[in-house]
Amino acid sequence: MAYLNENYLKLQAGYFFPEIARRVREFCEANPEAAKRLIRCGIGDVTEPLPRAAVEAMKRAVEELGHSESFRGYGPEQGYEFLRSIIAQHDYRDRNIEIADDEIFISDGSKCDCGYILDILGDQNKVAVPDPVYPVYVDTNVMAGHTGQGTKDGGYEGILYLPCTAENDFVPEPPKEHVDLVYLCFPNNPTGAVASRGQLAQWVEYAHAHEAILLFDAAYESYISDPEIPHSIFEIPGARECAIELCSFSKNGGFTGVRCGFTVMSNSVLARTENGRRLPLHPLWQRRWSTKSNSVSYPVQRGAEALYSQEGHKQVRALIDHYMGNAKLLRGAAADAELKAFGGVNAPYIWVETPDGLTSWEMFDRMLRELNVVITPGAGFGAQGEGYFRLSAFNSRENAEEVARRLKNL
Ligand SMILES: *Cc1c(COP(=O)(O)O)cnc(C)c1O
């Protein structure tokens, strides 16, 4: 009989989102009247339709494929030049960041890239993640066999957890000990925290001192409104030598269902072999895409390109303004309800302390029962998430206003 990958058997917490769904279903079955009032305010998915510019570009691209003069088959495995160059120009070189077109690698999204990137990194690396955390960073390492068994508090042996608490404004400091790989995500999901230039500079300094690599998730970069907050890790001097950036069109262009993102892999990031040779990762990443992928569909890449056009850019701004308008309403309502709320200023998530010492699941049940609002319990994101819950600004304005009204009755 064939053997299975036993690392998958180590995974816990896979019950988290199903458990939310189960509790909501049970509540709705028992309370059909309340079920009609139910509002989901916990989802990490966008709710508003695609920007018109992207829709039109994708329609044109599909039409091109339907005619022999303009038909295209396989594209370049790393993505079309038209998209790689517009990204490198607009997101980097226009902001005085030195990134070449061939340092951009197009993908079907950054969740996927979190898994793919482990293909080119060794199994011996010591990994650090923030706590609370986007579970994908941890679970992909578990699947790849980079951890020991699960622990009682929902973590895994072999991973270094960096506590993100109200004391450090949910931005972890570099650890005293050595690690090889560090996952960072700013603006943060789930806490909504952002890192200052100085805080990111400390991480780049740590990475240089320890010859570590920073995996920087910038999925929420476009939600930053504070001009002092960096949008990219590459705004920090020295990051070209130690950072890989993960970007996505999911949260700015609303591409969660369309699927497109990219990684920025500079030519200057080195990693070592068992026998001590120091080699660039870029050729390995290039090769990984050539061998394992045929990139993202042509219409999708045209849709992503259109987000950079003048009208595309305006439409993306309008989407973000819409969600951040919701965030402002929810933050204000949480404050009025005398809840302690964080985030929601440069990020579409609000991280709220549970009142009266409730656990995050107790708070989930209370919000469901009393307000008929679904939130995300913080404990699902890690041990340090206990005692918090996440409110999401991804909603219609009507729903956000209604949730804000109901919070007053808490
Ligand atoms: C939504 C999200 C992404 C984007 O994932 P895609 O696969 O590109 O849709 C990446 N990182 C975090 C932390 C997210 O919340």
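The values are calculated or read from the model by the stated rules, or taken from the named source; none is laboratory data. Computed from a predicted structure; not experimentally measured. All Cβ positions, glycine included, derive from the backbone under ideal geometry; neighbour counts span all protein chains shown. Protein only, heavy atoms only, side chains kept; ligands, DNA and RNA dropped before computing areas. Shrake-Rupley method; radii C 1.70, N 1.55, O 1.52, S 1.80 Å.
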Ignoring ligands and nucleic acids, what accessible area does Asp45 show with a 1.4 Å probe (Å², nearest 10)? 60
Of all accessible surface on the stretch 46-196 at a 1.4 Å probe, what whole percent is carbon and sulfur? 50
Within the accessible area of the stretch 203-267 (1.4 Å probe), percent carbon and sulfur: 48
Measuring from label point to label point, each 7 Å out along Cα→Cβ, what is the Arg23 to Ala337 span in nm? 1.4
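Shape of the chain from its Cα gyration tensor (a ≥ b ≥ c, root eigenvalues): rounded if a/c is under 1.5, otherwise prolate when a/b > b/c, or oblate?
It is oblate, given that a/c is not under 1.5 and a/b is not larger than b/c.
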So, taking all protein chains as they sit and a 1.4 Å probe, how much accessible area belongs to His210, in Å² rounded to tens? 50
Taking only protein heavy atoms and a 1.4 Å probe, what accessible area per residue, in Å², does the chain have with all protein chains in place? 45
Environment charge at Gly150 (Cβ cut-off 9 Å; Lys +1, Arg +1, Asp -1, Glu -1): +1
Net charge near Ile213: determine it from the other residues with C-beta under 10 Å of the C-beta of Ile213, scoring Lys and Arg +1 and Asp and Glu -1. -3
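Sorted by average packing, counted as other Cβ atoms within 10 angstrom per residue and highest first, what order do 321-330, 361-370 take?
Ranked from most to least packed, the peptides come out as 321-330, 361-370.
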So, with points 7 Å from each Cα along the Cβ direction, the Glu81-Asn31 label distance in nm works out to 6.0
Near Glu81, within a Cβ-to-Cβ distance under 14 Å, what is the net charge of the other residues, with Lys and Arg +1 and Asp and Glu -1? -2
Could you order Leu279, Leu246 so the one with the most accessible surface comes first? Probe is 1.4 Å. Leu279, Leu246
